[in-house]
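The structure appears below as structure tokens.
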Amino acid sequence: MRAGDSDRQRVADQLKTALDEGRLDLNEYDERVQRAYSARTYADLDGLLDDLPGTVPPRQSQVQPHAPAAHPAAAPVGRDARGHGGRHTFQSALTAFLICTVIWAVTSFTAGHAYYFWPAWVLIPVIITGVGALTERGRRDR
């Protein structure tokens, strides 16, 4: 069937909305609008919108502020959900130190000589979290 001017304008408006939403770049938009205005049948117009998802009305496409979900059983500061203090953090830091030490040992062994012991820098957070875990445990025992 033959497409009318209002049909071509409707497709051009949808293409403009897709451009405004960032679904089309300017070159692609220009090319499709030219094809829309030169279309003679509905089949010519249908091909112009096939790869575009449905458009969202502008009032619904606005960014809404995010409200964080409330946690009914929030853990106290410094503790995880199970009530543990810095123990989990200490274990994670210690694991990272051990992995780094293994990497250092393997590279030093394959090179035939000991490299600078860079995992010592990873040991600093281990010490800090260990002291934090001990002081937290001391406070809980009181």
*Can you work out the FRET efficiency for the pair Ala120 and His88, with r the C-beta to C-beta distance and R0 = 35 Å, to the nearest 0.05?*
0.90
_Sparse-neighbourhood loop sites, chymotrypsin sites (Phe, Trp or Tyr not before Pro) in region 87-142 - DSSP loop, at most 14 other Cβ within 10 angstrom_ = Tyr115, Tyr116, Phe117
*Please list the non-local residues whose amide H lies under 5 Å from the amide H of Leu24, H modeled 1.01 Å from N, same-chain partners needing a gap of 5 or more.*
Leu19
*Which ³J(HN,Hα) values in Hz, rounded to whole numbers, follow from the phi angles of region 115-128 under the Karplus curve 6.51 cos²θ - 1.76 cosθ + 1.60, where θ = phi - 60° and Gly and Pro get x?*
7, 4, 7, 5, x, 4, 5, 6, 5, 4, x, 4, 5, 4
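Coordinate-derived values only; no laboratory data. These numbers come from a predicted model, not from an experiment. Quick reminder, even Gly has a Cβ in these numbers, built from the backbone with ideal geometry, and neighbours come from all protein chains shown.
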